[in-house]
1. Once you have a ≥ b ≥ c as the square roots of the Cα gyration tensor eigenvalues for the range 75-126, tell me rounded if a/c is under 1.5, and otherwise prolate or oblate according to whether a/b is larger than b/c.
2. At what distance in nm do the modelled label points of LYS46 and THR90 sit from each other, each positioned 7 Å from its Cα along Cα→Cβ?
3. Can you give the three extents of the C-alpha atoms in the chain along their principal axes, from longest to shortest, in whole Å?
4. To the nearest 500 deg cm²/dmol, what mean residue ellipticity at 222 nm is calculated for the chain from DSSP H runs of n ≥ 4 alone, each contributing -39,500 (n - 2.57), summed and divided by the residues?
5. Express the carbon and sulfur contribution to the solvent-accessible surface of the range 72-143 as a percent, rounded to the nearest whole number, probe 1.4 angstrom.
6. Calculate the spin-label point distance for LEU22 paired with ASN8, positioning each point 7 Å from the Cα along the beta-carbon direction, and give it in nanometres.
7. Rounded to the nearest whole Å², what accessible area per residue is found for the range 98-143 with the 1.4 Å probe?
Amino acid sequence: MLAEVQRNAMLTAQELGERLNLSASQAGRRRQRLEAEGFITGYTAKLAPARVGLTVQAFVQVQMASHAPEGARGFAALIAARPEVISAWTLTGEADYLLRVWCADLGALNQLIHAVLLPHPAVARVQSQIVMDQFKPDAPLPT
C-alpha cells in the first residue's frame, strides 16, 4: 500500500483496493491507519520547475565558522525562511550543511549565496554545485 500511495497519492479507496485486492472500505481504513500511525505524513503535488519560473537547481554546501548553539539556531531559522531552499541536511565531513535550492536564474542563486548565506555571522564558507541534468527523478522511498 505504501508503494502505491507514493506512486500516486490521488488514488481513491476504490482504485487502491483494486490494485491491492481489497475492498474499497478495507483500503480506505488501512490508509487511514497508516496516516494515524505516522507512516504517511502528508500529501503533496510535484510541480514542473520550469513552468513556475525556476531554471537553476543547485546544491549548496555550507561550512560554519562556529558550532555554537545560538549560531546554529540562527542559521536554521534563516534557512527555514528561504523558499528557494527546498531541503536541508546536516552532514558529517567538511561541510556542515547541504542545501538543495531552486532559483529563477543564476543571478538569483548568486544573490542567495552572496547576500543571504555568506553574510550570516556563523557561516565561514559556501560552495555551490549547479545541477546540469537530473537523470533520475526524486523517487519514492523503498518499501
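The values are calculated or read from the model by the stated rules, or taken from the named source; none is laboratory data. In this text the structure is predicted, and so the values were computed from the model without any measurement. Backbone-built Cβ (ideal geometry, glycine too); neighbour counts: all protein chains shown. All accessible areas refer to the heavy atoms of the entire protein, side chains included, with ligands and DNA or RNA removed. Shrake-Rupley method; radii C 1.70, N 1.55, O 1.52, S 1.80 Å.
1. prolate
2. Once both label points are built, they end up 3.0 nm from each other.
3. On the principal axes, the chain reaches 57, 35, 24 Å in Cα extent.
4. -9000 deg cm²/dmol
5. 60 percent
6. With each label placed 7 Å out from Cα toward Cβ, I get 1.7 nm.
7. Result: 66 Å² of accessible area for each residue.
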